[in-house]
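The values are calculated or read from the model by the stated rules, or taken from the named source; none is laboratory data. All values reported here derive from a predicted model rather than from experimental measurement. Cβ atoms come from the backbone with ideal geometry, glycine included; neighbour counts cover every protein chain shown. Accessible surface areas use protein heavy atoms only, side chains included; no ligands, DNA or RNA. Shrake-Rupley method; radii C 1.70, N 1.55, O 1.52, S 1.80 Å.
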Amino acid sequence: MVDLSVQIGDLSLKNPIMPASGTFSEDLATVFDLNMLGALVTKTITRGLRQGNPTPRVCEVSGSMLNSIGIPSKGVGHFITNMVPFYQAYNSPLVVSISGNTADEFARLCEEISVPGVAAIEVNISCPNIEEDGKAFAMRPASTLDVMRKLRAATDLPLWAKLTPNTGETSDVARAAEEGGADALVVSNTMLSMSIDVQSRKPRLGNLMGGLSGPSLKPISLRMAYQCAKAVDIPVIGCGGISTIDDVLEYLIAGASAVQVGTATFIHPTVMVQIIGELEAYLAQHNMASVRELIGSVRDEEAADTVVFMEAAP
Amino acid sequence: MTAAVLHVTPDSVPANERVFESECLVKSNIPVNNDYRLLILDAPAEILNCTPGQFFHIQCPVRGGHQPYLRRPMSIYGYFPEKGELQFLYKIAGEGTAALAELKTGESLNVVGPLGQGFHIAQDWQNLLLLARGVGLATLAPLALEAQRLGKKLTAICSARSPELLMSIDYFRDLGAEIITVTDSEGTSDLAHLQGVIEGLIAGPGIDAFYTCGSNRLLKLLQEMGAKHNIPGEIALEQQMACGLGMCQCCVRSFRAESGIVHKRVCKEGPVFDLQEAMGW
Ligand SMILES: Cc1cc2nc3c(=O)[nH]c(=O)nc-3n(C[C@H](O)[C@H](O)[C@H](O)COP(=O)(O)OP(=O)(O)OC[C@H]3O[C@@H](n4cnc5c(N)ncnc54)[C@H](O)[C@@H]3O)c2cc1C
Ligand SMILES: Cc1cc2nc3c(=O)[nH]c(=O)nc-3n(C[C@H](O)[C@H](O)[C@H](O)COP(=O)(O)O)c2cc1C
Ligand code: FES
């Protein structure tokens, strides 16, 4: 028997595979038993009601996709009354993703959502901060530190900070999140992108721009996961473009302690179940007793020292 | 390879809510006329517990320069658990459906479903009217089968650009439906003419419910007539989809509700909606 369990701060996960926020909901329970997953990560909610962005909200771009769903939300009350009880039927820990327009509103929601049944809070600090010209909190170290401190003060639950690829300061932002009190980093969210229909000359998304996810994002978020794992002592959860067991191995070897699978579930709703089986088989085949042996096993050797200079173009 | 479900759904999920990801084998995939093709799959029995109006989310192959990434939603045209057969009627619209058209007999196709909420037929409804144009027939065809099974009387008004493009007429006729055809080329498909035909049916045998899909024009016409004569109805709607399962919220449309205008997911709350709730686009 191989051991698939991993530790994310105080939280033990039975395996390192979990869904990414916004690509999972209770609806997946009609397909397979959610208890198979390492954790259950919900779509980001906001305190109040929100409609989300105009349609079309998704489009394809060469083997990947863009989305501009936005954050339609039924509010915190609805979540606590309806969703928390639903997930209590499962033994995989519930991780609730939240966001806010300002650091204070964010912190208030963080406090309100700290209820029994919630195992950890993923703070989507990749969302726009309206006090900073709409720039995402996690684009800069200072706004990251500020919001993380407020969030830390608002809850005793584990806090996972979800970073954005739309920054040139990955390592500094990662350190700021750690200093601000994050228990883990989720690396990363989607990358701001665009697509135009040349026939109609119209942008393909109703919101003009949207986030790139799927296989094309992987080299970028893998690079970030690697940088973050080097920069901080808290666990890193890799996310971006994972659709196969090899993608998972790559993130773990780069230093991630667990991974989130997003868009791939749209293509194959059972992909996470399949990957868990394949991970177990891989470890058995390579005579590894625990998946933890893989984490951070990248053979970067002396070259690792130069990583700090790689923030801009190589 | 044989057709197979790729995983086990939990027992806790009621049988009619289970969704399967399965590999199916292509039995045939041939044109029925210049615009439309019929795809017949050999499908595992589990996935054929369907309701008319539901759909599958199809992974079109990567083929001949076509690289569809997301799945494509397709209404169930026919489902036959006894034969282990699942059918789709489709039109080549772009990259994904063009790739689908290249699938050959014996090849495998990955489908997810059955998905969404289908049509309802109330027990006391006897005379059903189905109004369909173009590929909308694909969505409404299994309703005709269900109506026959339940012993309901069905009238189908089939609309198309020209008589050659009228599809499924024999299919409907074999199921005992009365067929009325209207076409653009014969000048019989305009709203005024359609309205006259429907008024005639209401005054004659009577109509207990309307079923339609797809067209904004037909939606408005049936909404007006439904409101005027107090006849309920349902419409199947389309919207671009990513997950097809209710998770991503990309497929929302606006609907009238008591509380005002609300967003609903076409893949989950739909694709079949109450006729009067639906809003034109
Ligand atoms: C519930 C439902 C049932 C459907 N049933 C049928 C059917 O039985 N037969 C049939 O021929 N067509 C049906 N359609 C429409 C069919 O899904 C589209 O024609 C198909 O997705 C087009 O893909 P494409 O790659 O060929 O076209 P492209 O234009 O290249 O597609 C680009 C993107 O837009 C999406 N898209 C384009 N047109 C539509 C549309 N009308 N509805 C939803 N998404 C669209 C595609 O899925 C894809 O993501 C149905 C749609 C829905 C929502
Ligand atoms: C449709 C869609 C909706 C998303 N919604 C959210 C969200 O609400 N909150 C969030 O933190 N990330 C959201 N994401 C980002 C994913 O969680 C993930 O970070 C990203 O898609 C990269 O992973 P992937 O390539 O495996 O999809 C969304 C992604 C998609 C495709
Ligand atoms: S397509 Fe994802 S919610 Fe409908």
Seminar exercise, completed: The percentage of the accessible area of chain A (probe 1.4 Å, all protein chains present) made up of carbon and sulfur atoms, to the nearest whole number, is 53
Problem set entry | Equivalent ellipsoid semi-axes, chain B, via Cα gyration tensor eigenvalues times 5, rooted, Å | 30, 22, 19
Exercise. Across 10 Å bins from the origin, how do the percents of Cα pairs in segment B:4-115 run, short distances first?
Worked result: 15, 49, 29, 6, 0
Exercise. Taking the alpha-carbon centroid of each part, what is the distance from segment B:6-68 to segment A:254-273 in angstrom?
Worked result: 23
Exercise. Counting pairs of Cα atoms in segment B:122-171, how many percent are more than 13 Å apart?
Worked result: 56
For this session: Along Cα→Cβ, 7 Å out, is where each label goes; now give me the distance between the ones at residue A:284 and residue A:108 in nm to one decimal.
Result: 5.3
For this session: Choose one answer from B:150, B:166, B:41: the residue with the largest mean-square fluctuation in a GNM of chain B with alpha-carbon springs under 10 Å.
Result: B:150
Problem set entry | Across A:202/B:91; B:83/B:268; A:43/A:162, pairs whose alpha-carbon gap is larger than 21 Å | A:202/B:91; B:83/B:268
Problem set entry | Rounded to 10°, Cα long-axis angle of helix B:216-229 versus longest principal axis of chain B | 50
Exercise. Based solely on its DSSP helices, what 222 nm [θ] is calculated for chain A when runs of n ≥ 4 H residues each add -39,500 (n - 2.57) and the sum is averaged over all residues, nearest 500 deg cm²/dmol?
Worked result: -8000 deg cm²/dmol
Exercise. To the nearest 0.05, how large is the calculated FRET efficiency for residue B:49 and residue B:122 if R₀ is 22 Å and r is the Cβ-Cβ distance?
Worked result: 0.55
For this session: Search the structure for amide H atoms under 5 Å from the amide H of residue B:28, placed 1.01 Å from N in the peptide plane, and list their residues when 5 or more places away or on another chain.
Result: B:40
For this session: With the full set of protein chains in place, find how many percent of the accessible area of segment B:4-115 is carbon and sulfur; take the probe as 1.4 Å.
Result: 51
Problem set entry | Under-5 Å amide H pairs with residue B:60, H placed in peptide plane, nonlocal only | B:72
Problem set entry | Highest-fluctuation residue, B:54, B:249, B:240 considered, GNM on chain B with Cα pairs under 10 Å | B:240
Seminar exercise, completed: Among A:15, A:207, A:129, the residue with the largest mean-square fluctuation in a Gaussian network model of chain A built from Cα contacts under 10 Å is A:207
For this session: Treat each spin label as a single point 7 Å out from the Cα along the C-beta direction, and report the residue B:202 to residue A:197 distance in nm.
Result: 3.5
Problem set entry | Percentage, to the nearest whole number, of Cα pairs in chain A over 39 Å apart | 7
For this session: In whole Hz, with x marking every Gly and Pro, tabulate ³J(HN,Hα) for segment B:202-208 from phi via Karplus 6.51 cos²θ - 1.76 cosθ + 1.60, θ = phi - 60°.
Result: 5, 5, x, x, x, 10, 9
Exercise. With Rg and the Kirkwood Rh both taken from Cα atoms, where does Rg over Rh land for the protein assembly as shown?
Worked result: 1.01
Problem set entry | Mean separation of Cα contacts under 8 Å (6+ apart) over length of segment A:1-151, as relative contact order % | 19
Problem set entry | Distant-in-sequence amide H partners of residue A:195 (H built 1.01 Å from N, under 5 Å) | A:204, A:205
Exercise. Can you tell me the Rg and the Dmax, both Å, for the Cα atoms in segment B:127-233?
Worked result: 12.7, 35
Problem set entry | Volume per residue of the C-alpha convex hull in segment A:199-310, rounded to whole Å³ | 151
Seminar exercise, completed: Diffing segment B:106-123: the Karplus 3J(HN,Hα) column from phi (6.51, -1.76, 1.60, θ = phi - 60°), in whole Hz with x for Gly and Pro, holds x, 6, 10, 9, 8, 10, 10, x, x, 10, x, 9, x, 6, 10, 10, 5, 4
Seminar exercise, completed: For segment A:192-197, Karplus-derived ³J(HN,Hα) couplings (6.51, -1.76, 1.60; θ = phi - 60°; whole Hz; x for glycine and proline) come out as 4, 8, 8, 8, 10, 7
For this session: May I ask for the net charge around residue A:183, where only other residues with Cβ less than 10 Å from the Cβ of residue A:183 are counted and Lys, Arg are +1 while Asp, Glu are -1?
Result: -1
Exercise. Using the Kyte-Doolittle scale, which helices in chain A average at least 0.5 and also have C-alpha atoms spread 27 Å or more along the helix axis, with helices defined as whole DSSP H runs?
Worked result: none
Seminar exercise, completed: If each part is reduced to its alpha-carbon centroid, segment A:100-133 and segment B:115-179 end up apart, in Å, by 50
For this session: Sort out the exposed loop GluC sites (Glu not before Pro) in chain B (DSSP loop, at most 14 other Cβ within 10 Å) and tell me the longest stretch that has none.
Result: B:1-81
Exercise. Cα centroid distance between segment A:11-87 and segment A:154-224, in Å?
Worked result: 16
